[in-house]
Amino acid sequence: MEQIPFLCFDADNHYYEALDAFTRHLERGFERRCMQWAEIGGKPRLLVGGRVNRFIPNPTFDPVAKPGCLDAFYRGQNQKGTSDLRVLFGELEPIRQEYRDRDARLALMDRQGIEKVFLFPTLGVGMEQALVHDLPAQRAAFRAFNRWLHEDWGFSYRDRLFAAPYITLSDAGEAVAELEWALERDVRVVCMVAGPVRTATGAASPADRRFDAFWARVNEAGITVAYHGGDYGYGKYVEDFGESGELESFKATPLKGILLGNRAPFDTFAALICHRLFERFPNLRVASVEQGSNWVPWLLQSFRRSFGQTPQAYAEDPVETFKRHCWVSPFHEDDVPLLRELIGSDRMLMGSDYPHAEGLAEPTDYVHELKGFPEREIRRVMRDNALELAQRQPV
């Protein structure tokens, strides 16, 4: 573990959901339409909308992979060409208490040199698309999930654990109501997944004016919206290239991995700016977490070209809009110095993805990716930027 002369703020930490995360507070009448557990072939399986869900290989998380066991693989260092998941994961272990207990997690963070974290779902980021065929059930499932999350983790527990409730925009009015509920409980960051919004009348941009009431309330409250990696609902997109549209973690083919790796964050942040969301709501702060940063150079280059062609379509240079309103947490295997050159260290977030297999075994080891950064900038990336995002900045 790297010794750093200050306590860090990890902008991408995770819990492993309790077995009743989606069912403990589920409203009556939705039981068969949302999440259920069943024993199939002698193993517990998660049913979503009555169908076996394969987003997570083992959604009980017990046993579970050791933190960081796939680090080398995600750095492109699989020289033996191993494709057997069991070999890549190594020996699984019983689930640790700190993955499901907030006080145990705080004790672990003390040992890790981490003062505060943003906490995101593991299973939850794959469930919006799993219920896209039944939008009322989708929203009921996440209402139940958010109440479990507040009960077990809290939205600002001891001003150190900032768990992010999941908001779906599939119904604008219900999204506002869910946001109001969370604001009453001192929420600091909310979680969404990139990609077009699926509504009862079809797909829409997240910056469509039908969602302005939601964004207006976020703008007024001064909280942070984090777009986190997950199931983006791009199944048809990859199917058009002859690939399976079903998303299973760690099982992407080379083409599918390349197609999905950058498409959704690129599309989403392009839509937020091209549809002039930040012009309407200038207090918004939006972060990209666990989506890497390889899409950023492509997006900024596209903005420059578009602005040069149609400057009248923008209130200002869209690159400047992005740099003012958007924060990015690059994967530790990304070209981190390039991102600094493009958007500046004051818009970068350290995110270890702990305790996931593809993340870092020791969160503070992220500092190795900041080699050559001045000490002031290292502190901003490893602590201060996320600290600012965790504080409400109301209008």
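For every residue, the table says whether it meets (1) closer than 22 Å to Val367 by Cβ; (2) touching a helix residue (DSSP H, G or I) at 6+ places or on another chain (Cβ under 9 Å).
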residue	(1), (2)
Ala104	no, yes
Met109	yes, yes
Ile114	yes, yes
Val125	no, no
His133	no, no
Ala141	no, yes
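Consider Tyr74 carefully, then state whether it is touching a Phe, Trp or Tyr at 6+ places or on another chain (Cβ under 6 Å) and surrounded by 13 or more Cβ atoms within 10 Å (Cβ to Cβ).
Working: touching a Phe, Trp or Tyr at 6+ places or on another chain (Cβ under 6 Å): no; surrounded by 13 or more Cβ atoms within 10 Å (Cβ to Cβ): yes.
No, not satisfied.
When residues of segment 157-208 are filtered for being of a type in the set (D, E, K, R), farther than 22 Å from Phe266 by Cβ and touching a residue at least 60 places away in the same chain (Cβ under 8 Å), how many remain?
Looking only at that region, the number is 1.
Return the only residue of Arg147, Arg188 being basic (Lys, Arg), under 21 Å from Phe61 (Cα atoms) and modelled with pLDDT of 95 or more.
The match here is Arg147.
Output the number of the condition that Phe250 fails; it satisfies all remaining conditions of (1) farther than 18 Å from Ala164 by Cα; (2) modelled with pLDDT of 95 or more; (3) not in a helix (DSSP H, G or I).
(2)
Residues that are crowded, with 21+ Cβ neighbours inside 10 Å and part of a loop (DSSP other than H, G, I, E, B): does segment 262-271 have at least one?
Within segment 262-271, none of the residues are crowded, with 21+ Cβ neighbours inside 10 Å and part of a loop (DSSP other than H, G, I, E, B).
Give segment 184-236 a look and list any residue that's surrounded by fewer than 21 Cβ atoms within 10 Å (Cβ to Cβ), acidic (Asp, Glu) and under 20 Å from the mean Cα position of the chain (by Cα), or say none.
Matches in segment 184-236: Asp186 only.
Given the condition part of a helix (DSSP H, G or I), closer than 17 Å to Leu26 by Cα and among the hydrophobic types (A, V, I, L, M, F, W, C), answer yes or no: does some residue in segment 161-173 qualify?
Within segment 161-173 (the criterion being part of a helix (DSSP H, G or I), closer than 17 Å to Leu26 by Cα and among the hydrophobic types (A, V, I, L, M, F, W, C)), the answer is no, since none of the residues qualifies.
Which members of segment 131-156 meet the condition of being among the polar types (S, T, N, Q) and either part of a loop (DSSP other than H, G, I, E, B) or without any contact (Cβ under 8 Å) to a residue 12 or more places away in the chain (or both)? Full working, then the answer.
Quick first cut of segment 131-156, residues among the polar types (S, T, N, Q) only: 138, 146, 156.
Ser156 - this is the single residue of segment 131-156 that is among the polar types (S, T, N, Q) and either part of a loop (DSSP other than H, G, I, E, B) or without any contact (Cβ under 8 Å) to a residue 12 or more places away in the chain (or both).
Hey, among Phe307, Phe373, which residue is among the hydrophobic types (A, V, I, L, M, F, W, C) and more than 28 Å from Asp71 (Cβ to Cβ)?
The conditions single out Phe307.
Quick check on segment 52-106: of everything there that is aliphatic (A, V, I, L, M) and closer than 28 Å to Gly245 by Cβ, which residue is modelled with the lowest pLDDT?
The extreme case among them is Leu85.
Which members of segment 102-130 meet the condition of being more than 17 Å from Phe22 (Cα to Cα) and either without any contact (Cβ under 8 Å) to a residue 60 or more places away in the chain or in a helix (DSSP H, G or I) (or both)?
Arg102, Asp103, Ala104, Arg105, Leu106, Ala107, Leu108, Met109, Asp110, Arg111, Gln112 - these are the residues of segment 102-130 that are more than 17 Å from Phe22 (Cα to Cα) and either without any contact (Cβ under 8 Å) to a residue 60 or more places away in the chain or in a helix (DSSP H, G or I) (or both).
Please verify whether Glu220 is modelled with pLDDT of 95 or more, under 21 Å from Arg188 (Cα atoms), assigned to a helix (DSSP H, G or I) and charged (D, E, K, R), treating the condition exactly as stated.
yes
The values are calculated or read from the model by the stated rules, or taken from the named source; none is laboratory data. Predicted model only: the values in this text are computed from it and were never measured. Backbone-built Cβ (ideal geometry, glycine too); neighbour counts: all protein chains shown.
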